[in-house]
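The block underneath contains the structure these notes are about, expressed in structure tokens.
The values are calculated or read from the model by the stated rules, or taken from the named source; none is laboratory data. Computed from a predicted structure; not experimentally measured. Cβ placement follows ideal geometry from the backbone for every residue including glycine, while neighbour counts extend to all protein chains displayed. SASA here: full protein model, heavy atoms, side chains in, ligands and nucleic acids out. Shrake-Rupley method; radii C 1.70, N 1.55, O 1.52, S 1.80 Å.
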Amino acid sequence: MIYLDNSATTRPFDEVISAVTGSLTHNYFNPSSVYGPSVLLQRQIDSGRKQMLRTLGLDSGRIIFTSGATESNNLAIFGVLGAMRKKSKHVVTSIIEHPSVFEPYMQLEENGYKVTRVGVDATGCVSKQELLDALQEDTCLVSIMHVNNETGAVNDIKALSSIVKKHCRQAVFHCDGVQAYGRITPDLSRCDVDLYSISAHKFHGMKGMGALIVKDGIKIAPMMIGGGQENGYRSGTTNAPAIIGMIEAAKICYQSNNSLMNGLQLCKAELYNGLLNIPDAYVNGPDFNEAAPYILNISFEGVRGETLLHSLERHKIYVSTGSACSAKNKKASRALSAMGISGDRALGAVRMSLGAFNDVSQMQRVVEIIDMEVRNLRKYRRI
Ligand code: PMP
């Protein structure tokens, strides 16, 4: 099979599987207990925490381990607002956010917050001017994603967070970094991002594991209250095996970043050049050099994305029509319509997302099969 749905989830690295299995078989202690093996496990977790912060350029700050980025995003948004003494009611987000950010902002709106949603340009990137125009004197929170999960558009979070801090010093800048971390990992010491959400299963760790990175000085109210784990920020027995697996995945991505990115770039170039040779193929997203080198969203005129997806499935090639979370949701993609892509082209969109286990020969086969399937499907199209 050829797996091209790495933005939905990835195959864990072998080293991650060994680390998790080792933890489950020999090191299954509760790190909160007070005898030797538990204390050692807690130390191992805390040293991994520091290692992960360093992958983001930080020598200090907090990592709160969570059950995934949905929880990290909810904790960032509701946690920051919950901790604010001076209750400001204006918040800003973008129109292309993942539902785990978009929906919390909908709820804020229902609860009386004034929400401004900024749009994107034709390539799917958040508009700096619109962000600037959206800011108010009392804006207290801004959430803008790093890499878009559907189009691969990369937002310039350094510039966007700097605009926010320059005009609203009190505002907290939150970024959903799920589709970036481990590949395009930002140096948070060099930008004004205060909170960064990540998810282990998007960079070859385990599902059900994530983290919220919190810079020094940013106050957060916990959402899970109980035994006081994670320094009181997230109660619940520590998921040590999954944390150890995530630390391992982060280490591998960090240490092999150059070769990982080169591999992804070569694969994407093969797909991009091959598929654009098919007549009437359109890329939905930024040009090759601007987009993340592991996401390609493309439409073939006259071919429905869903139909192509199932034709490819017969060849054991797995792609997606949008984000996995909305794959069963038949509504038009918010990200594509924000870019002005609608109608047949939006319905035709297929997303291919690459990971560390893909190679160029797989891409050559995918191009061959898509070329054949698109020709076949176009024979039956209604004019
Ligand atoms: N944000 C983005 C951009 C995502 O792509 C996803 C996963 N589809 C999430 C958040 C949610 O992550 P998780 O599966 O860890 O809850």
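May I ask which residue of Asn257, Gly182, Ser361 lies farthest towards the positive end of the charge dipole of the chain, with charges of +1 (Lys, Arg) and -1 (Asp, Glu) on Cβ and the Cα centre as origin? Result: Gly182, furthest along the dipole toward the positive end. Counting protein heavy atoms only, the chain has 51 percent of its accessible area on carbon and sulfur, 1.4 angstrom probe.
Here the calculated FRET efficiency for Asn258 and Arg381, from their Cβ-Cβ distance with R0 = 41 Å, stands at 0.40, rounded to the nearest 0.05. Based on the Cβ-Cβ distance from Lys114 to Gln51, what FRET efficiency comes out when R0 is 51 Å, to the nearest 0.05? With R0 = 51 Å, the Cβ-Cβ based efficiency is 0.80. Here the simple spin-label model places points 7 Å from the Cα toward Cβ, and for Asn273 and Asp138 these points are separated by 5.7 nm. Here the range 239-296 and the range 148-163 have alpha carbon centers that stand 16 Å from each other.
Excluding same-chain neighbours fewer than eight residues apart, the aspartates and glutamates reachable from Lys379 by a Cα-Cα span under 20 Å are Asp280, Glu301, Glu306, Glu313, Asp344, Glu368, Asp371.
Enumerate by residue number the chymotrypsin sites (Phe, Trp or Tyr not before Pro) in the range 239-290 meeting two conditions: DSSP loop (anything except H, G, I, E, B), and at most 14 other Cβ atoms within 10 Å of the site's Cβ.
Those that pass, being in a loop and sparsely packed, number zero.
Modelled this way, with points 7 Å down the Cα-to-C-beta line, the labels at Ser337 and Thr21 are 4.7 nm from one another. Every pair of different Cα atoms in the range 242-283 enters the Kirkwood calculation, which places the hydrodynamic radius at 12.4 Å.
Between Gly285, Gly208, Gly182, the Gaussian network model of the chain with springs among Cα atoms under 10 angstrom shows the greatest mean-square fluctuation at Gly208. Oblate is the label for the chain, because a/c, from the alpha-carbon gyration tensor with a ≥ b ≥ c as root eigenvalues, is 1.5 or above and a/b does not exceed b/c.
Around the Cα centre of the range 1-114, unit charges on the Cβ atoms of Lys, Arg, Asp and Glu (plus for the first two, minus for the last two) sum to a dipole of about 640 debye. Averaged per residue, the chain has 45 square angstrom of accessible surface, using a 1.4 angstrom probe with ligands and nucleic acids left out. Relative to the current alpha-carbon distance between Ile184 and Arg85, full extension at 0.36 nm per residue lengthens the span by 32.2 nm. With a Förster radius of 41 Å applied to the C-beta separation of Gln170 and Arg365, the computed FRET efficiency comes to 0.15. Do any of Lys86/Lys158; Lys87/Lys219; Lys158/Lys215; Lys158/Lys251; Lys86/Lys114 go past 18 Å between their Cα atoms, and which? Too far apart for the 18 Å limit: Lys86/Lys158; Lys158/Lys251.
Counting only heavy atoms of the protein chains and using a 1.4 Å probe, Met1 has close to 140 Å² of accessible surface.
Here the dipole of the chain is about 500 debye; that uses its Cα centre as origin and unit charges on the Cβ of Lys and Arg (positive) and Asp and Glu (negative).
Need the full-extension length gain, Lys158 to Met223, defined as separation in residues times 0.36 nm minus the C-alpha distance. One decimal, nm. Intermediate values should be presented prior to the final figure.
Numbers: separation 65, 0.36 × 65 = 23.40 nm, distance 2.82 nm.
So the chain would gain 20.6 nm between Lys158 and Met223.
Of all aspartates and glutamates in the structure, the ones whose alpha carbon falls short of 19 Å from that of Lys165, not counting any fewer than 8 places away in one chain, are Glu130, Asp133, Glu137, Asp138, Asp156, Asp176, Asp187, Asp192, Asp194, Asp216.
Arrange the residues Met206, Met223, Met261 by how much accessible surface each exposes, largest first, with a 1.4 angstrom probe.
Of Met206, Met223, Met261, the descending order of accessible area is Met223, Met206, Met261.
For the range 159-291, would you read off the P(r) tail past 17 Å as a percentage of all alpha carbon pairs?
Counting every Cα pair in the range 159-291, those more than 17 Å apart make up 71 percent.
Given in Å, the Rg to one decimal and the Dmax to the nearest whole number for the Cα atoms of the range 63-181 are 13.3, 39.
Between the exposed loop cleavage positions of the chain, defined as trypsin sites (Lys or Arg not before Pro) in a non-H, G, I, E, B DSSP state with at most 15 neighbouring beta-carbon atoms within 10 angstrom, the longest gap is 220-313.
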